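This report concerns only the one structure given below.
We did not get these values from a lab; they are worked out from the coordinates using the rules stated. Note that the coordinates shown come from a computational prediction; the quantities given were computed from them, not determined experimentally. Cβ placement follows ideal geometry from the backbone for every residue including glycine, while neighbour counts extend to all protein chains displayed.
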Amino acid sequence: MARVNARNFQCVDCGAPVGRRNARCPECRKIAKSLWNKAYQRQYHAEHRPSPTPKPQRDLDLPRYGEIIAEDDQIQCHVCGKFYKSLVTHIRTHGYNAETYKAAFDLPRRASLLSPATSAKRSAQAVERGFPGLGLPLVKTRRNRKGVDNRLGARVNVSVGHLKENNE
């Protein structure tokens, strides 16, 4: 039985030469795997972590639980029903902070309490001021630089030394 040259087989996706029949090249294999992972995650999320369906409040004039009503430049409060540019400071009058407000009204934790126009305006202002974090890649830094003691470690060493002196 004669051996077949490995160059005679092609990738099933792009046609690049591969060593086996019905195989993929490394690039196509990587793409296929990422697509499979995304599909799996979408299916898992749909089955195990479904999005909450908005529930109506007792007062029908108020936004439903789990739903944010935002107009161009204002967002509606779930407690009193009034519209504001930002709910961050207003909800304090009702005794909430951002975390408890979102939990009480079934809002996503990452939901913004700013109106879309206010959010865009503040983003533009940050860019104009030259906000240092916008558009720059994150650089990992070492936690403890060489030769610099960790402050907690220094305090522990000092306190241990202090205890030794008192015990003697």
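Computed values, structure above
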| read-out | value |
| --- | --- |
| Under the Karplus curve 6.51 cos²θ - 1.76 cosθ + 1.60, θ = phi - 60°, whole-Hz ³J(HN,Hα) for the range 72-82, x wherever Gly or Pro sits | 4, 10, 9, 10, 8, 7, 6, 8, 9, x, 7 |
| Estimated inter-spin distance, residue 23 and residue 122, nm [label 7 Å along Cα→Cβ] | 5.5 |
| Dimensions (Å) - the range 9-48, Cα atoms, principal axes, largest first | 42, 15, 11 |
| Per-selection metrics, the range 53-131 (Cα): Rg and Dmax in Å | 13.3, 46 |
